[in-house]
Amino acid sequence: MTFELFSDIFTFRDNALRRLDPRVKVVVGLVAIFAVVSSQGVLFPALVFSLALMGMLLVGLPVAFMLGRFLAPLGTVLILFLLHAVLYGWTPLFSLPLFGQRVVIMQEGVLRGMHLACRVLGGFGIMVLLSSVTPSHQIFHALAYFKAPKGWLEVAMMMYRYIFVILESAADAMAAQRVRLGYCGLKRSLNSLGVLSGVVIVKSLEQAQRTHEAMLARGYKGHTPFGPMPALSPKDGWTLGLSLGVLIGLYLATEGWVFG
Amino acid sequence: MNGKNKLLWFFLFVSAFVFFPRVSFAMHISEGILPLKWALFWFVLAVPFLYLGLVRLRRLTESSSQAIPMVGLVGSAVFIISCMPIPIPVAGSCSHPVGSGLAAIIIGPSLSVVVSSIALLLQALFLAHGGLSTLGANIFSMGVAGSFVAYGVFWLMVRVGFGWMAAAFMAGLLSDWATYAVTSLELSSALHGGSGAFGPMFVSILLAFAPTQVPLGILEGVLCAMAYAFVRARRFDLLGVFEKGGAT
Amino acid sequence: MADPGFAVEAEGLSFSYTDGTRALHGVDFCLRKGEFTALLASNGSGKTTLIKVLGGLAKPQKGTVRIFGQKLGRIPRLKLYQTLGIVFQNPSDQLFAATVGEDVAFGPRNLGLDPDTVDLRVSEALEALSALHLRERAIHHLSFGEQKRVAIAGVLAMNPSVLILDEPTAGLDPSGEELMVRLLQRLNRNGGLSIVFATHSIDLLPLCADTVCVLNLGTVLCQGSARDVLCNHEMLKLAGLRLPYVTSLLMEMKDLDGVPIEGLPLTVKEARERLLEIIPPEILFKKA
Ligand SMILES: Nc1ncnc2c1ncn2[C@@H]1O[C@H](COP(=O)(O)OP(=O)(O)OP(=O)(O)O)[C@@H](O)[C@H]1O
Ligand SMILES: [Mg+2]
């Protein structure tokens, strides 16, 4: 495996969440993520994480895929937890022997570490769920509806499309270098990578020229027109209201606004 | 924080980044790490630069309809370059170049911010690297700091009379290190608190990342110089589109 | 000069790339309304260049191009590309949206049509290329052959009256090639489109082309009806091409063995008819 290929295969699978209007998913996703990072307690992010996990299981994401996606945040979570447990706080919980020293675990640190860990997991869960049930063009379409800058969106869509084209030729070029022993030893690897980067940029520039010609031949005038967004169906509306309601309710309840 | 604790920090961080090399992926701050206050702060700081880039994009589009395909395609190329695994001799793992330095000297720093912001969004969504609430912070460290430092260094060195190669090398190197420094700053300003003061926190994060980032920066410089030289030698004519509309 | 019977008419075209490569010199080319013309040439002879010049994407240093009698430079771009559809050699050059439906809608939306008309045009164009089932798919999940068909649909959605295709069959398997030729033929016969078809696969041409224009090293070697051109052994050899396989088989039988065949058949069907004429019926197992 040479490149971190990104898999968007799942986003094209049909399921209940996939059929939902992308605007609803983007709004609910962002609200959930920002609620998670603004939370002060452990409970809310943990609940959001379990909801996201349930969503992922519901739409049938393979467990291996989920684990792959969560490997990096899990690592981060572990480190943050350990760091805080050891370094933060003033109430000793217990102590462990480590390299001839006694490491004191602090209560406040454990709490803070757990909170940070839950925030990472909750936010990540939502992000992975959102991106596994929404194809990127729908996300861009929703962003266009929310008045994201047009130039930015056009560049984004162009980038997304051509990442696959350029990636294919870059992977071929890299394989061609590899079979001719271009990656034996650091110096040669670096040299091959440098040439490869140059090739990739030159290819992209040439591709841009050809693409531009093809766009002109189809009436391009400097900006890409977007199709209209259909009106929200009643079901989408209900889902939006309900999920926002649940999120806000959970937030108020767990963050101590109601029962605190 | 006493001396013993400092040592512990250092030990933990180093071991962490050796055991979880994926964490150090181009130094993106992962979703959920920054509390709301800091997440918004970095968004606010990044937006003016993004705006600058969009203004330049609009100006280029007005003078040539080629601007958007050009910027988009260079963006795809830089995205792919930033996914290439670079072997790090000291840390014994692979890491990835930042790429925004190279983008900055090819298409200019403000457009490089635009391209980086898109690349970061796509990476967050489809590779699960970085995050959505931390997008602002990541745009600031990789896009803004990386691009403007690279472009500034490049411009200055060429002005002073250094060769293209040396200038591109330093641009790549310093853009990587600038990204690394700013990311450490972002992490430490958000995570310090209680008994941990900002200063020692910043230093320990810097030190923890150093084993991968210092050699990575040098390698990125080499990569940047080679790629730039390649583009200059082959198809420098194609970069003409970006010369209109000034340096920003 | 401006004959109204011509859809595309080019005279004395010369084109050099900025690095000095002379890709075309003194090329005359014409396409009658409703005609299916093949642009036959070996690699590097200037097919792609000629197509770019005809489509106004490259400015020739010499010569003029007329589209339906009107000089190319005088036609506004928006009108030009509603008349002239260009399909490029490599489908990834022209498929720039994320999904098939979005990509095919790109052209009609540029024309400022309302959403319902855009929708209709997209489904019609995809239908014509037997690609309607691909509508919601992502471009990067398509096979090469599917990409080629979608690329043509994208151009077709502009409702052009002339379609210029750069090697639409290159890289396709035998059945894909045949499917492509049949689809184009249907567009030509039923839709009344004039078609220019650049290719170097000579065995396909007798099935579809009315006329053939042979290009060699940037000049036109020969232009005429498919039958005349494809039987011209010497000229094709000069252009780095060959006769269709059936034709060369029968020609060898005629020249070397003295088999008395009338004319030179270009397709398998024709060859079979000619052969049945001279094979004595008593040696056949099955009677027609
Ligand atoms: N961008 C360019 N710059 C310089 N020379 C070029 C360029 N594109 C093509 N040429 C040259 O122009 C000549 C004609 O090329 P063209 O692409 O038109 O051939 P073609 O018939 O389409 O070939 P193929 O069958 O391989 O597609 C060739 O000699 C080629 O090397
Ligand atoms: Mg060609």
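The values are calculated or read from the model by the stated rules, or taken from the named source; none is laboratory data. Bear in mind the structure is a predicted one, so any value in this text is a computation, not a measurement. Positions of Cβ are generated from backbone atoms using ideal geometry, with glycine treated the same way; all protein chains shown enter the neighbour counts. For accessibility, only protein heavy atoms count, side chains too; no ligands or nucleic acids. Shrake-Rupley method; radii C 1.70, N 1.55, O 1.52, S 1.80 Å.
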query: For segment A:199-213, in order, what is each residue's ³J(HN,Hα) by Karplus, 6.51 cos²θ - 1.76 cosθ + 1.60 with θ = phi - 60°, in whole Hz (x at glycine and Pro)?
result: 4, 4, 5, 4, 4, 5, 5, 5, 4, 4, 5, 5, 4, 4, 4
task: Figure the gain on full extension for C:Glu252 and C:Arg182 (residue separation times 0.36 nm, minus the Cα-Cα span) and round it to one decimal in nm.
output: 22.2 nm
field: Qualifying chymotrypsin sites (Phe, Trp or Tyr not before Pro) in segment A:156-260, DSSP loop, other Cβ atoms within 10 Å at most 10
entry: A:Trp257, A:Phe259
query: Label points 7 Å out from Cα along the Cβ direction at C:Ser130 and B:Tyr51: separation in nm?
result: 5.6
statement: Reported to the nearest 10 Å², C:Glu277 has, with a 1.4 Å probe, an accessible area equal to 110
query: Out of the DSSP beta bridges found with both residues in the protein assembly as shown, what percent are antiparallel (nearest 5)?
result: 65
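Averaged over A:223-229, how many beta carbons belonging to a partner chain fall within 10 Å of each residue's beta carbon? Intermediate results must be reported in sequence, preceding the final value.
Values: counts 5, 7, 10, 3, 10, 5, 0.
Per-residue shielding by partner chains comes out at 6.
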message: Let me confirm one metric for peptide A:28-40, namely the mean number of other chain beta-carbon atoms within 10 Å of its residues' beta-carbons.
response: 3
query: Which whole-Hz ³J(HN,Hα) couplings does segment C:111-118 yield from phi under the Karplus relation 6.51 cos²θ - 1.76 cosθ + 1.60, θ = phi - 60°, glycine and proline marked x?
result: 6, x, 6, 7, x, 5, 5, 4
- line: With a Förster distance of 60 angstrom and the Cβ-Cβ distance between B:Leu207 and C:Thr219, calculated FRET efficiency to the nearest 0.05 equals 0.30
message: As an exercise, find the ratio Rg/Rh for segment C:174-288 from alpha-carbon atoms, using the Kirkwood inverse-distance average for Rh.
response: 1.02
query: Along the charge dipole of chain A, which of A:Ser38, A:Ala144, A:Pro22 sits closest to the positive end, that is, farthest toward it, with unit charges on the beta carbon of Lys, Arg, Asp and Glu (+1, +1, -1, -1)?
result: A:Ala144
- prompt: Measuring from label point to label point, each 7 Å out along Cα→Cβ, what is the A:Arg188 to C:Lys62 span in nm?
  reply: 5.2
Calculated FRET efficiency for the pair A:Ala176/C:Thr18, C-beta based, R₀ 22 Å, to 0.05: 0.15
message: Given contacts defined as C-alpha pairs under 8 Å and at least six residues apart, what's the relative contact order of segment A:90-200, whole-number percent?
response: 12
statement: For segment B:39-92, one quarter of the surface area of the C-alpha convex hull, expressed in nm², comes to 6.0
- line: At 10 °C and 1.306 mPa s, the Stokes-Einstein diffusion coefficient in µm²/s for segment B:35-243, with hydrodynamic radius from the Kirkwood sum on alpha carbon pairs, is 91
task: Could you let me know the centre-to-centre spacing of segment C:157-175 and segment A:15-90, using Cα atoms, in angstrom?
output: 48
- prompt: Hey, what do the phi angles of segment B:109-114 turn into as Karplus ³J(HN,Hα) couplings, whole Hz, using 6.51/-1.76/1.60 and θ = phi - 60°, x for Gly and Pro?
  reply: x, 6, 5, 5, 5, 4
Segment B:35-243: relative contact order in percent, alpha carbon pairs under 8 Å with at least 6 residues between: 24
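Taking segment A:193-260, which trypsin sites (Lys or Arg not before Pro) meet the DSSP loop condition and have no more than 14 other C-beta atoms within 10 Å?
A:Lys221
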query: For a paramagnetic label modelled at 7 Å from the Cα of C:Glu273 toward its Cβ, which residues of segment C:235-259 fall within the zone defined by backbone nitrogen distances under 19 Å?
result: C:244-251
- request: For each pair in C:Lys33/C:Lys62; A:Lys147/B:Lys37; C:Lys71/C:Lys148; A:Lys25/C:Lys79; A:Lys203/C:Lys62; A:Lys150/A:Lys203, compute the distance between the two Cα atoms and list the pairs where it is over 32 Å.
  value: A:Lys25/C:Lys79
In segment C:175-231, the trypsin sites (Lys or Arg not before Pro) that fall in loop regions by DSSP, at most 10 other Cβ within 10 Å: none
- prompt: When the convex hull of the C-alpha atoms of the protein assembly as shown is computed, what volume per residue in Å³ does it have?
  reply: 206
- prompt: Using Cα pairs under 8 angstrom and six or more residues apart, how large is the relative contact order of chain A, in percent?
  reply: 27
query: By accessible area of protein heavy atoms, probe 1.4 Å, what ranking do A:Trp152, B:Trp164, B:Trp38, B:Trp177 get, highest first?
result: B:Trp164, B:Trp177, B:Trp38, A:Trp152
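Using only helices, what value at 222 nm comes out for chain C when you add -39,500 (n - 2.57) per DSSP H run of length 4 or more and divide by the total residues, to the nearest 500 deg cm²/dmol?
-11000 deg cm²/dmol
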query: Say each of A:Phe146 and B:Leu156 gets a label point 7 Å from the Cα, pointing the same way as Cα to Cβ; how far apart are those two points in nm?
result: 3.8
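Could you calculate, for segment A:162-241, the ratio of the Cα radius of gyration to the Kirkwood radius, expressed as Rg to Rh? If you can, show how the numbers build up before the last one.
On the way: Rg = 21.4 Å, Rh = 16.5 Å.
Reported Rg/Rh (Cα atoms, Kirkwood Rh): 1.30.
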- prompt: To the nearest whole number, what is the average tally of beta carbon atoms from other chains within 10 Å of the beta carbons of peptide B:56-67?
  reply: 4
message: Please compute, over every Cα-Cα pair in segment B:91-212, the percentage with a separation greater than 19 angstrom.
response: 52
task: Starting from the amide H of C:Phe36, placed 1.01 Å from N in the peptide plane, find each other amide H under 5 Å away whose residue is 5 or more places distant or on another chain.
output: C:Ile195, C:Asp210, C:Thr211
message: For C:Lys254, give me every one of the lysines with a C-alpha distance below 23 angstrom, ignoring sequence neighbours fewer than eight places off in its own chain.
response: C:Lys237, C:Lys269
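Test of understanding: express the Cα radius of gyration of chain A as a ratio to 2.2 N^0.38 Å, with N the residue count.
1.30
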